[in-house]
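The block underneath contains the structure these notes are about, expressed in structure tokens.
The values are calculated or read from the model by the stated rules, or taken from the named source; none is laboratory data. Please read all numbers here as calculations on a predicted model, not as lab measurements. Using ideal geometry, Cβ is built from the backbone for each residue, glycine included, and neighbour counts are taken over all protein chains shown. All accessible areas refer to the heavy atoms of the entire protein, side chains included, with ligands and DNA or RNA removed. Shrake-Rupley method; radii C 1.70, N 1.55, O 1.52, S 1.80 Å.
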Amino acid sequence: MSKPASSSFLLLLLSATLLATVCRADPDPVQDFCVAVAPGGHNNASSSSSTYPGFPCKPASTVVSDDFFFAAHAGGASTDNPMGAGVTPGNVEAFPGLNTLGLSINRVDLAPGGVNPLHTHPRSAELVHVEAGEMLVGFVSTEGRFYSKVVRAGESFVIPRGMVHFQYNVGKGAARAMTVFNSQLPGVVLAAQTLFGADPEIPDDVLAKSFQVDADTIKLLKSKFQKG
Ligand code: GLV
Ligand code: MN
């Protein structure tokens, strides 16, 4: 027996709504702004827990122009580390004015030969806009295909949401990019750190079998990524 037309329509509407919710990055805001505020009163989103669709709002009457201003990207993070990379995050935790707006921005600095190592953002696509130098930027699709490009100052490359990606300085001097996200808190899963530096540890056997190598190789990798 066929369903009445109205119930089929309702089903279609429900599926479309569900699909829209799943495919979207952050939810749309329901007011002009919602500057994040910690329950304690000081304006530090990281000390408050994120709830759907974001952090609690500071009362609008107390919002000032500085809440929409972020100066931390005027300078970059140090690249004096084994990766030769420094990332200065500009997500809602650092910049509370982004709360509920569905976007954020990082600054990435790379020393010559430096790499922002393989990682993913579970909640966001990423637009890499190179401002100085030249970087090899690449990601791997779910089909295992590697897409990459040498990106120079003034050029951009986009990383679809959830794809494993990196930036690698292939120029002679320092390189710098701004990375823009369609999420106020994209999340970062660092591949090597996640697998070999998890706390508590992922058992050696699981890693050895997964990577088809012996336990000594896994121990060596763990020694590089385990804290303390
Ligand atoms: C670069 O990949 C970044 O996540 O900022
Ligand atoms: Mn990234």
Rounded to the nearest 10 Å², what accessible area does Met178 show when all protein chains are kept and the probe is 1.4 Å? 30 Å²
In percent, how large is the relative contact order of segment 81-226, given Cα pairs closer than 8 Å and 6 or more residues apart? 28 percent
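Return the equivalent ellipsoid semi-axes of segment 45-137 as a descending list in whole Å, where each equals the square root of 5 times an eigenvalue of the C-alpha gyration tensor. Let's see the in-between values first.
On the way: eigenvalues 169, 45, 27 Å².
Rounded to whole Å, the semi-axes are 29, 15, 12.
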Loop-resident chymotrypsin sites (Phe, Trp or Tyr not before Pro) in segment 179-228 with no more than 11 other Cβ atoms inside 10 Å, DSSP not H/G/I/E/B, are none
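Hey, if we sort Cys57, Cys34 by accessible area with the 1.4 Å probe, largest down, what's the order? Before the final figure, lay out each step's value.
Working: Cys57 65, Cys34 5 Å².
Reading off the accessible areas and sorting them downward yields Cys57, Cys34.
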Can you work out the Karplus-derived ³J(HN,Hα) for every residue in segment 74-88? Use 6.51 cos²θ - 1.76 cosθ + 1.60 with θ = phi - 60°, whole Hz, and x for glycine or proline. 5, x, x, 7, 5, 10, 7, 8, x, 7, x, 9, x, 10, 9
So what does Ile105 come to for accessible area, using a 1.4 Å probe and Å² rounded to 10? 50 Å²
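Could you rank Lys222, Lys58, Lys149 by how accessible they are, 1.4 Å probe, largest area first? Can you show the working numbers first?
Values: Lys222 10, Lys58 40, Lys149 120 Å².
Output order, biggest surface exposure first: Lys149, Lys58, Lys222.
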In segment 63-208 the accessible area split gives carbon plus sulfur, as whole percent at 1.4 Å, a share of 59 percent
Residues whose placed amide H lies under 5 Å from that of Glu131, excluding near-sequence neighbours: Gly154, Arg176, Ala177, Met178
